[in-house]
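Asker: I have a structure I would like to understand better, so I am pasting it below and will then ask my questions one at a time.
Nothing in this text is a laboratory measurement; each read-out follows from the coordinates by a stated rule. If you're wondering where the values come from, they're calculated on a predicted model, not measured in any experiment. With ideal geometry, Cβ positions are generated from the backbone for all residues, glycine too; neighbour counts draw on all protein chains shown.
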Amino acid sequence: MSYDVLTPTVARLWPYKPDWSRGVDVKRAFSTDIKPSRDGTEQRRALRTDPRISAEYRAVVTGADRRAADLHLRAWQNKPVVVPDFARWARLTGLSLAGSSALTISPMPVWVAEGQPLVLCKAGVEEEVVVEGVAGTVITLEDPLEHAWAVADVLRPSFFGLFAGSISSQRLNGDSAGIDVSIACYPSGGPPRAAGTAWASLAGVEVFTPIPDYSGPPSVGHLWPVEQVDYGRGRTAQFRPIDRMAREVEAEFNGLGVALATQVEQFFDRMKGRRTAFYVPTWEADFALAASASSGSSTCIADGSTLFDDFGDVDYSVVNEGIAVCLTDGSTLYRRITDITATGDDSLVTVNAAWGVGLSDANVARISRMPLSRFASDEMTMSWRTPLTASSRLTFTQVRA
C-alpha cells in the first residue's frame, strides 16, 4: 500500500484530445447535510467548502498515440495524472525559449495560481508545467521548459487527480481506439475559479436569471405531501403539517458560451450546492395587470380574484416569495411580495419597494412569480459540446427559507 504525495510534479500528463462529437462532461459535487422538519422547513449545512470535481470524455487515439496511451494506462492508471481542461485556455503574449522558466500572458487568467499544473499546447506538442509564482503578466515555473513556445501558443488549466479504476477502450480498427477517460480530481485539484458576482439580488438574496431552453421542455413538479393513517379497515386520518405546495423545476440550459457557463458554475459554487437558497423566476406569465401602477407605488393590481383566493391567506412575513416584472426594454424588476389582498374583483399585490418606473400593459412583457428555491442536487454537470459551448440540466426545489 502507498499514499500519493499530492504534488503535480509527481503526476504524468495525459494529453489526448476529446472526441467532440461526444463532448466533455465536467461534474462539480458538494455535500450538504439537510435536516427537514415536519412542516417542510429545513436546516441545511454544507459539509464541503469547495466542490469535488471530475471530468469524463472519450479520447480517440491512432498509431503512435494509441500505443503510448495504452502503455500509459498499463503503467500509470492508478497513479496521479494531469489532464488538460479542454474548455478553457489563454494565449501566450510573449516568447519563451527552451530552458527558460517563465511565461508571459496578459490578461492573467484566474486559473493561474501558485502550485497549479498548467498545460502548454501547440501543433503536435503538449508540455505540463507547474506554477511557482505569478507577478503581473509573468508566470514563474518550478522547472525549465523543455520546448520553445511562441506568441499565441495555447496555455490551458488542468485537472489533477486519479483516473477511474475501470477505464473502457473500444478498438475502432486495428490501429485506433476510443478510450473513455474519467478523472476524479484531488481536493483543490481542479482549475481555480473566481467567486464571481450575482446576476441580480433581492434583499440580499441572489436571483438565478438565465432562461432555460424550451427545446428541451422544463419539467414542473408540484410537491405537497399529506400524512395518512390507514389501518386497512374503517376510516383513515389525514394530517397536513405542510401549509403550502412546493414547486420543483427541472430545466435545460443549452448553448452556454464560455462566459455564461463559467457564471453558472460560479453561482453553483456560491450556493454550495443545496445549502443556500435563492430566487428562481418561473419564466412564465403568472398574472396580468388589471390597471397601471405609478413609479412611486409599491403595489400592483392583478387581473381577477384568483391570486387573492389562492394566496391571500399566506403569511408573507414567513413565506419568502418574490415577483419578476420583465419590461419590454429587456430590463427586469425584482421585488418581494409582502401581502396579497382583495380589491373589488381583482387582487392587490403589495411588494417591499416602489417600482421606480410606471407599469402598464404597454411596457410590461411578463410578470412571473419568483419562489425562493435551492438546487435539488449537490451535483452539477457542465457538458461541453464544443470548446466554446456547453449545456447543463438543473433542478430547483422551492423552500420556505
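Asker: Quick check on the chain: helices-only [θ] at 222 nm, where DSSP H runs of length 4 and up contribute -39,500 (n - 2.57) each and the sum goes over total residues. Nearest 500, please.
Answerer: -2500 deg cm²/dmol
Asker: On a 0 to 90° scale, report how tilted helix 258-271 is relative to the longest principal axis of the chain, with both axes built from alpha carbons and the result rounded to the nearest 10.
Answerer: Here the helix axis deviates by roughly 70 degrees.
Asker: Follow-up. Among the listed pairs Lys35/Lys79; Lys27/Lys79; Lys27/Lys122, which have their C-alpha atoms separated by more than 29 angstrom in this model?
Answerer: Listed pairs above 29 Å: Lys35/Lys79.
Asker: Averaging sequence separations of C-alpha pairs under 8 Å and six or more residues apart, then dividing by the length of the chain, give the relative contact order as a whole percent.
Answerer: So the answer I get is 18 percent.
Asker: Next question, about the same structure. Helix 64-76: angle to the longest alpha-carbon principal axis of the chain, degrees 0 to 90, nearest 10?
Answerer: The angle comes out near 80 degrees.
Asker: Still on this structure, please answer the following. Considering the dipole of the range 193-401 built from charges on the beta carbon (Lys and Arg +1, Asp and Glu -1) around the Cα centre, which of Trp283, Pro210, Gln266 is farthest to its positive end?
Answerer: Gln266
Asker: How would you order 296-305, 146-155, 390-399, 220-229 from highest to lowest mean count of nearby Cβ atoms within 10 Å?
Answerer: 390-399, 296-305, 146-155, 220-229
Asker: Just to be sure I understand, if you calculate mean projected area of the Cα convex hull in nm² for this structure, which of (1) 23.5; (2) 27.7; (3) 19.7 do you get?
Answerer: Here the calculated entry is (2).
Asker: Within 12 Å, Cβ to Cβ, of Gln398, how many net charges do the neighbouring residues add up to if Lys/Arg are +1 and Asp/Glu are -1?
Answerer: Values: positive: Arg244, Arg247, Arg369, Arg374, Arg400; negative: Glu42, Glu248, Glu321.
Surrounding charge for Gln398 is +2.
Asker: Can you pull the three principal axis extents for the Cα set of the range 271-400, in Å, largest first?
Answerer: If we take the Cα atoms of the range 271-400, the spans are 53, 33, 23 Å.
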